[in-house]
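Notes follow once the structure below has been shown.
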Amino acid sequence: MEVCAARAPGKIILAGEHAVVHGSAAVAAAIDLYTRCSLCLMPLADDEAAATLELDLKDPGLAFSWPCGRLREVLLTDEAAGAREARPCSPDRLASIARLLEEHEIPEAKIWLSAGLSAFLFLYTSILGCRPGKVTVSSDLPMGSGLGSSAAFCVSMSGVLLTAAGVVTAVGGISGEGMGWELVGKDDLELVNRWAFQGEKIIHGKPSGIDNAVSTFGSMIKFKKGELTNLKSSNPVKMLITDTRVGRNTKALVAGVSERASRHSDAMASVFNAVNSISEEVSSIVELAANDEIAITSKEEKLAELMEMNQGLLQCMGVSHSSIETVLRTTLKFNLVSKLTGAGGGGCVLTLIPTMLSNLVLEKVIAELESHSFRCFKVEVGGQGLQVCQGGCSYFNGDVV
């Protein structure tokens, strides 16, 4: 039995959401909340009828299995077509995968899982063919909250499958967690990113590719008009993420901003230009080296001011929400600055945690936010991207693999 695992981080938008659709720059960053995938490849059984592909989703508490013979029959494939080149999922293949999913009675309340299951079956069978195995997935990321959960799923899944295929290998040099996580070389990361993007296309239709890029490569990325620029953060940036637990319709929010821009073209053009300036300045600030407490505090104060301005402009775009405003008022009582991240209309809110803030004050902030039934995560921004564990990983999120 061959065992390997991979984990990939979620992401936040530090500056520029919505305005990026209209040509402004935006800044995205990895956070240290991860989705983890483990894979146990089973030996080819003498009894082919007993060979299965299993998927165990820990967080929703659901498990799925497909006989390998059935996969071959429906997908008309046995061996992988070659893992070294990422290929899109054809409409015919997607229709075949849909037939496989119809054979499972997915609960109505979990119907949103279908796109993720389709991405899983496409990635697995494209990279490993119809080999028997068991994949286990768990995540720190709330789903559908703008933290890149689907991208982290596709990146970690692509990473573990390509590792099992022998195409991606670890280069060592990481993790202080004692769990055997290792980094992956740049060329291998590029391949993982291309496969993950194909998975994202199954889930979202026309993704920008930004979420999977941040999850794959980590750190921070500035993006503008389709061009990505890697940013190197010289000092740790810590954030409190508040999940309002309010669902939102991203497409409707994006459309609403566009409609407002068509009604008030000059005013909204000024808003988008201001957001562009904020994103450019955020990009410069995060790369500045700060070597003492005074310099670090100055850097954090500038970043806080820019976040505050960005939030005001997002309110001008009409994408705030009463739950977001509750977070803003609550954190402001403690002289902390917050802004929404992602689409708005609910979802998640970022609060900058200054280096000099006491843990006592932070715990009071969290307690008050949680009293509104919000959920809080303390994160470090701009960390590592995809990491893998080969052979020696005996534990996976508390479970023996």
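Laid out as a table, the results:
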{"quantity": "Top-ranked residue in segment 351-389 [being buried (at least 18 other Cβ atoms within 10 Å of the Cβ) and polar (S, T, N, Q); ranked as modelled with the lowest pLDDT]", "calculated": "384"}
{"quantity": "Yes/no for residue 254 being within 26 Å of the chain's Cα centre (by Cα), among the β-branched types (Val, Ile, Thr) and surrounded by fewer than 18 Cβ atoms within 10 Å (Cβ to Cβ)", "calculated": "yes"}
{"quantity": "Qualifying residue in segment 229-248 (condition: modelled with pLDDT of 95 or more and either closer than 16 Å to residue 23 by Cβ or among the acidic types (Asp, Glu) (or both))", "calculated": "yes"}
{"quantity": "Within segment 292-333, tally of residues that are under 19 Å from residue 257 (Cβ atoms) and free of Cβ contacts under 8 Å to residues at least 24 places away in the same chain", "calculated": "4"}
{"quantity": "Residue list for segment 1-30, filter: of a type in the set (Asp, Glu) and crowded, with 24+ Cβ neighbours inside 10 Å", "calculated": "17"}
{"quantity": "Residues of segment 303-327 satisfying the condition of being farther than 22 Å from residue 277 by Cβ and either hydrophobic (A, V, I, L, M, F, W, C) or buried (at least 18 other Cβ atoms within 10 Å of the Cβ) (or both)", "calculated": "321, 323, 324, 327"}
{"quantity": "Residues of segment 199-231 classified as more than 15 Å from the chain's Cα centre (by Cα) and not hydrophobic (A, V, I, L, M, F, W, C), total", "calculated": "9"}
{"quantity": "Where residue 79 falls short, out of the listed (1) surrounded by 13 or more Cβ atoms within 10 Å (Cβ to Cβ); (2) at pLDDT below 90", "calculated": "(1)"}
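The values are calculated or read from the model by the stated rules, or taken from the named source; none is laboratory data. If you're wondering where the values come from, they're calculated on a predicted model, not measured in any experiment. So basically every Cβ, Gly included, is an ideal-geometry build from the backbone, and we count neighbours across all protein chains shown.
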